[in-house]
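Below is one structure, written out as structure tokens, with a few remarks after it.
The values are calculated or read from the model by the stated rules, or taken from the named source; none is laboratory data. None of the values given here were measured: they were computed from a predicted structure. A quick note on method: Cβ atoms are made from the backbone with ideal geometry, for glycine too, and the neighbour counts reach across all protein chains shown. We work out accessible area using only protein heavy atoms, side chains counted, and drop any ligands, DNA or RNA first. Shrake-Rupley method; radii C 1.70, N 1.55, O 1.52, S 1.80 Å.
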Amino acid sequence: MSFLTNLNENQSKAVMSNSPYLRIIAGAGSGKTRVLISRIAHLIHDLGIHPGSILAITFTNKAANEMKDRLDRMLASYAAGVHISTIHSLCVMILRHDCTSMDLPRNFTVLDSDDQKSIIKEAYREIGLDKQKYSIPSMLDYIGANKGAEVTVDHAFTLAGGHYGEQEKAKVYQYYVNRQKALFALDFDDLLLVTVKMFSMFPDILAKWQRRFNFIHVDEFQDIDRVQYKLIKQLAGKENQVYVVGDPDQTIYTWRGADVNIIMEFEKDFKPSETIILNQNYRSTQHILNGANSLIKNNQYRVDKDLFTELKSDEKVTHCAFVSEDHEANWIADKLKEMNEKGKAYKDMAILYRSNYLSRSLEKAFLDHHIPYVIYGGTRFYDRAEIKDMLSYLRMLTHGDDLAFMRIINTPKRGLGTKTLDKLRDDAKANKRTMYEQIKLENNFSGKTYDAFDRFVRLIESTKLMMGEKPLLEILEKMENDSGLRAMYEAAHEVDRLENIKELINDVITFQNQYPESGLDEYLQMVALYGDRNDLTDGDYCQMMTIHAAKGLEFDTVFVIGLSEGIFPNERAMSEGKRGLEEERRLAYVAYTRAKNKLYLTEVSGFSFVLTKVRSRSRFIEEVDQKHIDHIGVNYDFEKPKEMNIKSKPKEQSLFADTMEKRKALPYKKGELILHSTFGEGVIMKIDGGMAEIAFDYPHGVKKIMLAAPAISKVNKV
């Protein structure tokens, strides 16, 4: 019984249970992997179960390898024969044995994501489609959805009807499927679908595999989809034992097909079953855990469990409010540096966010403060394709260089081929001009090519005329719209790319407000400097990542940023109603429970270009039990933070009272020009005591601002 050593009471029950069907509700940090491995060891060592009859399904190769290593350390050679793998690897093994029944050779090819993209690109060339009209990821989603719903190619054409766009997508689907057949290839979706179909068509093959695996274990059960669940039920049959481990409160992949109903209704599908809750957390301190518990209790559709921990600490969760993204980023950078100087490694600190665009201001601050960082599972803000495209359009206004020109002349597509661009390059070299200068001064082409170049020149020149006359925001929005970038990403449903462009616009406006004497040229130089830094992937570095990427990880100190309504919880998710909001809350729960010793929750006030409205505090801050959280507003000069009263929504004067107290004597007059750190330049229309009505440029309009606010200053006109 050595496998029970160091297990708590509920963990021991989960290991020793004799129930044929067992559901383990494993709270965050509750030691579920230890329980799962101990269970398998118990079956082999104590009950004498043959290792070859035990199956354990995980959802990543990393998790599978970790489980194998731990079982090897526990049982040595006795662990040999236990099949631990991802569900896709399991299907590959099954199909290698029996795929001839489905007219597939045993040496069939498994397509990875790059292979799939290559086939889609082939299809686009063959059919004559533009990848900017249908992005490759969206097309793969379309094909995967059709396969999952058992929609054949013929049925896809029928569903498309007379809709030209849907007909085009059906043609790509047809090409993809035919190419797979020619290659004798299966993609990841097929591995599951073909296995399930084979089991349904050939009961004798299914019975063979049911006899092979008598003890079925499934990790991260909250993340499985309906096809995966069907496969598990097929293997279970009526005789085999099923042991599942998961947490409904951590179901955060419904956009990938995960269905929380599966773990919630397990007891209805498998009778008689037993449920054991692992509710002792070994990761986080009590304040962090209680804060997360109070948050998730606002979800109605869940298995109730009260996580507890024996890890005591006086450190509460800290909520910080800031007046701008740059203020937030610099404060976090200072805090990280301070902790590092006191001996805490950067690798023990993480920044989590709901959307990728939120990394922008942090990346700049970390570079300025010389804080090593990596973006885990993502791309640096200025390296993202849509950002490089938009910056290249802006460079056409200031430099018009050939590199920027070549990047965007066919983004979106303008029907300009390689030979045309080669001729333009040769003509430009002969005349010692840039390629843009050449078509602007001598458009020697004809027909559609002439028109395409002419429209491009008119776009650039008309936008140049606005510079110095119109607000920079208006210029940027014109470029995004008239270039076709916005329409291209909207058509492809690339919402993240559109959000990133909005954040770039915000970045430019912020730069102009901070450096009013500088222009677009200086901004582009600044970006070049930030973009020319290499990621530090060796040694000690802080990690930045989306919350989805943080699932399964843990850190000593965690900062969850961007806690504003519409950002987190996400506006698109909230539009789905209760279901979407509950998933967002589960995502917040996952984020909060990544922290072991210290959790910071941060928000920024003011106007958001991504939301196109003024931010308001996220409910995911207010839902944290007040006994476990401190609310502070941080002054511009990083003085000692001042506590806020969260119960009545704090106004700016209570957040930044220290700084504002010092500024009360500053005189302002009606008609005077001022500068606001978020809204830019404005004119004072009316003064009433310490409050003024100030008119700002679009999209801000007239706002009431306290004259003592540190966010405003006088504009000294020369």
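Can you tell me which of (1) open to solvent by 30 Å² or more (accessible area, probe 1.4 Å); (2) β-branched (Val, Ile, Thr); (3) more than 25 Å from residue 549 (Cβ to Cβ) is the one residue 409 doesn't meet?
That leaves (1) as the condition not met.
Do the conditions hold for residue 197, that is, is it among the charged types (D, E, K, R), more than 24 Å from residue 266 (Cα to Cα) and open to solvent by 10 Å² or more (accessible area, probe 1.4 Å)?
no
Could you check region 1-42 and list, in sequence order, the residues that are over 36 Å from the mean Cα position of the chain (by Cα), closer than 17 Å to residue 273 by Cα and assigned to a helix (DSSP H, G or I)?
Within region 1-42, 13, 16 meet the criteria.
What's the number of the only condition in (1) within 17 Å of residue 245 (Cα to Cα); (2) in contact with a Gly (Cβ under 8 Å, 6 or more places away or on another chain); (3) of a type outside the set (Ser, Thr, Tyr) that residue 81 fails to meet?
(1)
What do you reckon, is residue 69 touching a residue at least 24 places away in the same chain (Cβ under 8 Å) and surrounded by fewer than 18 Cβ atoms within 10 Å (Cβ to Cβ)?
no
Within region 119-128, can you find the residues that are surrounded by fewer than 18 Cβ atoms within 10 Å (Cβ to Cβ) and of a type outside the set (Asp, Glu)?
Hits for region 119-128 are 121, 125, 127, 128.
Exactly one of these conditions fails for residue 306: (1) out of contact with any helix residue (DSSP H, G or I) (no Cβ under 9 Å at 6 or more places or on another chain); (2) on the phi < 0 side of the Ramachandran plot. Give me its number.
(1)
So which residues in region 130-160 are closer than 29 Å to residue 229 by Cβ and of a type in the set (Phe, Trp, Tyr), if there are any at all?
142
If we scan region 302-313, do we find a residue that is closer than 30 Å to residue 357 by Cβ, touching a residue at least 12 places away in the same chain (Cβ under 8 Å) and among the polar types (S, T, N, Q)?
No, because not a single residue in region 302-313 is closer than 30 Å to residue 357 by Cβ, touching a residue at least 12 places away in the same chain (Cβ under 8 Å) and among the polar types (S, T, N, Q).
Residues in region 475-488 that are more than 18 Å from residue 507 (Cβ to Cβ) and under 23 Å from the mean Cα position of the chain (by Cα): how many?
Looking only at that region, the number is 2.
Every residue in region 484-509 that is open to solvent by 10 Å² or more (accessible area, probe 1.4 Å) and either outside any helix (DSSP H, G or I) or farther than 15 Å from residue 357 by Cα (or both), please.
484, 486, 487, 488, 489, 490, 491, 493, 494, 509
For the condition more than 30 Å from residue 696 (Cβ to Cβ), under 39 Å from the mean Cα position of the chain (by Cα) and surrounded by 15 or more Cβ atoms within 10 Å (Cβ to Cβ), what is the one hit in 428, 452?
Residue meeting the stated conditions: 452.
Among the candidates 307, 311, single out the residue that is surrounded by fewer than 18 Cβ atoms within 10 Å (Cβ to Cβ), at pLDDT below 90 and not aromatic (Phe, Trp, Tyr).
After applying the criteria, what remains is 311.
Do you know which residues across region 238-260 are under 17 Å from residue 303 (Cα atoms), open to solvent by 10 Å² or more (accessible area, probe 1.4 Å) and among the β-branched types (Val, Ile, Thr)?
Within region 238-260, 260 is the sole residue that qualifies.
In region 90-116, which residues are hydroxyl-bearing (Ser, Thr, Tyr) and open to solvent by 50 Å² or more (accessible area, probe 1.4 Å)?
Hits for region 90-116 are 100, 109, 113.
Are any of the residues in region 581-591 closer than 27 Å to residue 509 by Cβ, touching a residue at least 12 places away in the same chain (Cβ under 8 Å) and open to solvent by 20 Å² or more (accessible area, probe 1.4 Å)?
no
Does region 390-440 hold any residues that are more than 29 Å from residue 355 (Cβ to Cβ) and in a loop (DSSP other than H, G, I, E, B), and which are they?
Hits for region 390-440 are 399, 400, 401, 409, 414, 415, 416, 417, 431, 432, 433, 434.
Among 183, 191, which is surrounded by fewer than 16 Cβ atoms within 10 Å (Cβ to Cβ) and either without any contact (Cβ under 8 Å) to a residue 12 or more places away in the chain or more than 25 Å from residue 487 (Cα to Cα) (or both)?
Step by step, each of 183, 191 is checked, and only 183 is surrounded by fewer than 16 Cβ atoms within 10 Å (Cβ to Cβ) and either without any contact (Cβ under 8 Å) to a residue 12 or more places away in the chain or more than 25 Å from residue 487 (Cα to Cα) (or both).
Output the number of the condition that residue 418 fails; it satisfies all remaining conditions of (1) open to solvent by 40 Å² or more (accessible area, probe 1.4 Å); (2) of a type in the set (Val, Ile, Thr); (3) touching a residue at least 12 places away in the same chain (Cβ under 8 Å).
(3)
Filter region 314-333 for residues that are open to solvent by less than 60 Å² (accessible area, probe 1.4 Å) and acidic (Asp, Glu) and give the result.
Listed by number, the residues that qualify are 325, 326, 328.
Residue-by-condition table, conditions (1) within 24 Å of residue 116 (Cα to Cα); (2) touching a strand residue (DSSP E or B) at 6+ places or on another chain (Cβ under 7 Å); (3) of a type in the set (Phe, Trp, Tyr); (4) open to solvent by less than 50 Å² (accessible area, probe 1.4 Å):
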| site | (1), (2), (3), (4) |
| --- | --- |
| 152 | yes, no, no, no |
| 176 | yes, no, yes, yes |
| 205 | no, no, no, yes |
| 208 | no, no, no, no |
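Just need a number here: residues in region 51-102 that are closer than 23 Å to residue 20 by Cα, aliphatic (A, V, I, L, M) and in contact with a strand residue (DSSP E or B) (Cβ under 6 Å, 6 or more places away or on another chain).
The total comes to 8.
In region 4-28, what residues are open to solvent by 20 Å² or more (accessible area, probe 1.4 Å) and of a type outside the set (S, T, N, Q)?
4, 7, 9, 13, 16, 20, 21
Can you go through 216, 232 and tell me which one is at pLDDT 95 or above and in a helix (DSSP H, G or I)?
That would be 232, the only listed residue that is at pLDDT 95 or above and in a helix (DSSP H, G or I).
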